[in-house]
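Engineer: Take this structure, written in structure tokens, and hold onto it; I'll ask about it next.
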Amino acid sequence: MKPLFPLLTAGVDEAGRGPLAGAVIAAAVILDPENPIAGIDDSKKLSAPRRQVLAGLVRTQAIAWALGRAEVEEIDRLNILQATLLAMARAVAALPVAAQHVLVDGNRCPKVQCSVEAVVGGDATVEAIGAASILAKVARDQEMATLDIAYPGYGFAQHKGYPTKAHIEALSRLGVTDIHRRSFAPVKRLLQE
């Protein structure tokens with residue numbers, strides 16, 4: 001007997017594992033096979049304006065989508081890998097329609113309430129994971145732009161918290177904020193000086 005509807009598969013990806021500041025944000029997306037979205041790809045391969053357009057399409061045309069996050073305190077307490085898996089699990093749990101299967105970008109799986117598999121390079125090969133990578137990146141970039149206003153001088157809107165030369169210089173000059181990840185080497189070094 002054929003199932004009444006296709007398996008509800010969610011793609012999951014994150015944004016913000018590498019930065020020195022801000023939360024790690026994950027997205028889970030269940031795409032609608034009857035309503036395809038052209039141009040979905042790994043978010044890193046798309047321009048910011050293109051990501052914005054595609055994020056809007058994903059939010060309106062997907063069967064379901066949700067974001068999950070792990071805060072700086074959780075990243076410092078758990079480590080970035082465990083915090084990322086936690087953010088991914090939270091995104092899957094927040095889906096308004098329960099996923100029956102989850103495909104995750106990378107080589108590690110979060111603990112979820114259904115079957116799950118890791119797909120290395122999945123953001124470029126699995127459409128639902130690509131869609132999740134776009135939502136996660138757009139959400140995190142917007143958040144870093146907001147934090148740029150709250151923490152002037154650090155340049156968060158430009159570097160998004162990544163350890164660029166400008167960010168390291170601002171950290172040395174202005175000091176460590178409460179949104180910086182104290183467990184990350186460049187921040188830890190500054191705190192020890």
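Engineer: Please state which one of 139, 166, 157, 99 is over 19 Å from residue 17 (Cβ atoms), touching a residue at least 60 places away in the same chain (Cβ under 8 Å) and among the hydrophobic types (A, V, I, L, M, F, W, C). Outline the logic, then answer.
Structural biologist: Values: 139 fails: over 19 Å from residue 17 (Cβ atoms); 166 fails: touching a residue at least 60 places away in the same chain (Cβ under 8 Å); 157 fails: touching a residue at least 60 places away in the same chain (Cβ under 8 Å).
None of the others qualify; the one that does is 99.
Engineer: Another one. Kindly indicate whether any position in the range 152-168 is of a type in the set (D, E, K, R) and buried (at least 18 other Cβ atoms within 10 Å of the Cβ). So that I can check it myself, show each step before the final result.
Structural biologist: Restricting attention to the range 152-168, the residues satisfying the condition of being of a type in the set (D, E, K, R) are 160, 165.
Then keep just the ones that are buried (at least 18 other Cβ atoms within 10 Å of the Cβ); that gives 160.
Yes, the range 152-168 contains a residue that is of a type in the set (D, E, K, R) and buried (at least 18 other Cβ atoms within 10 Å of the Cβ).
Engineer: Here's something else I'd like to know. Kindly list, by first and then second residue, each pair from a residue in the range 108-135 that is at negative phi to a residue that is part of a helix (DSSP H, G or I) and among the polar types (S, T, N, Q), limited to pairs with Cβ atoms under 6 Å and residues at least 6 apart or on different chains.
Structural biologist: Hits for this filter: 123/133; 133/43; 134/43.
Engineer: Here's another thing I want to ask about it. I'd like to check which helices (runs of 4 or more DSSP H) are fully inside the range 5-120 and have at least 2 residues that are crowded, with 22+ Cβ neighbours inside 10 Å and among the small types (Gly, Ala, Ser).
Structural biologist: Numbers: elements: 48-61, 72-78, 80-94.
It comes to 80-94.
Engineer: Go through (1) more than 23 Å from residue 148 (Cβ to Cβ); (2) out of contact with any strand residue (DSSP E or B) (no Cβ under 7 Å at 6 or more places or on another chain) for residue 94 and report which single condition fails.
Structural biologist: If we test residue 94 against (1) more than 23 Å from residue 148 (Cβ to Cβ); (2) out of contact with any strand residue (DSSP E or B) (no Cβ under 7 Å at 6 or more places or on another chain), just (2) comes out false.
Engineer: Do you know which residues across the range 9-28 are under 13 Å from residue 70 (Cβ atoms) and of a type in the set (Val, Ile, Thr)?
Structural biologist: 24, 25
Engineer: Residues 30, 80: which one is touching a Phe, Trp or Tyr at 6+ places or on another chain (Cβ under 9 Å), of a type in the set (Val, Ile, Thr) and closer than 25 Å to residue 179 by Cβ?
Structural biologist: 80
Engineer: Kindly indicate the residue of the range 105-154 that is charged (D, E, K, R) and in contact with a helix residue (DSSP H, G or I) (Cβ under 6 Å, 6 or more places away or on another chain) and also farthest from residue 61 (Cα to Cα) among those meeting that condition.
Structural biologist: Kept after step one, since they are charged (D, E, K, R), are these residues of the range 105-154: 105, 108, 111, 117, 123, 127, 137, 140-141, 143, 148.
If we keep only those that are in contact with a helix residue (DSSP H, G or I) (Cβ under 6 Å, 6 or more places away or on another chain) as well, we get 105, 111, 123, 137, 148.
Values: 105: 21, 111: 27, 123: 19, 137: 18, 148: 31 Å.
My answer is 148.
Engineer: Something else now. What single numbered condition from (1) within 21 Å of residue 8 (Cα to Cα); (2) touching a strand residue (DSSP E or B) at 6+ places or on another chain (Cβ under 9 Å) fails to hold for residue 111?
Structural biologist: Of everything listed in (1) within 21 Å of residue 8 (Cα to Cα); (2) touching a strand residue (DSSP E or B) at 6+ places or on another chain (Cβ under 9 Å), residue 111 misses just condition (2).
Engineer: For residue 33, which of the numbered conditions (1) at pLDDT below 95; (2) in contact with a Ser or Thr (Cβ under 6 Å, 6 or more places away or on another chain) fails to hold?
Structural biologist: (2)
The values are calculated or read from the model by the stated rules, or taken from the named source; none is laboratory data. Source: prediction; values computed, not measured. Counting neighbours? That spans all protein chains shown, and the Cβs are built from the backbone with ideal geometry, glycine included.
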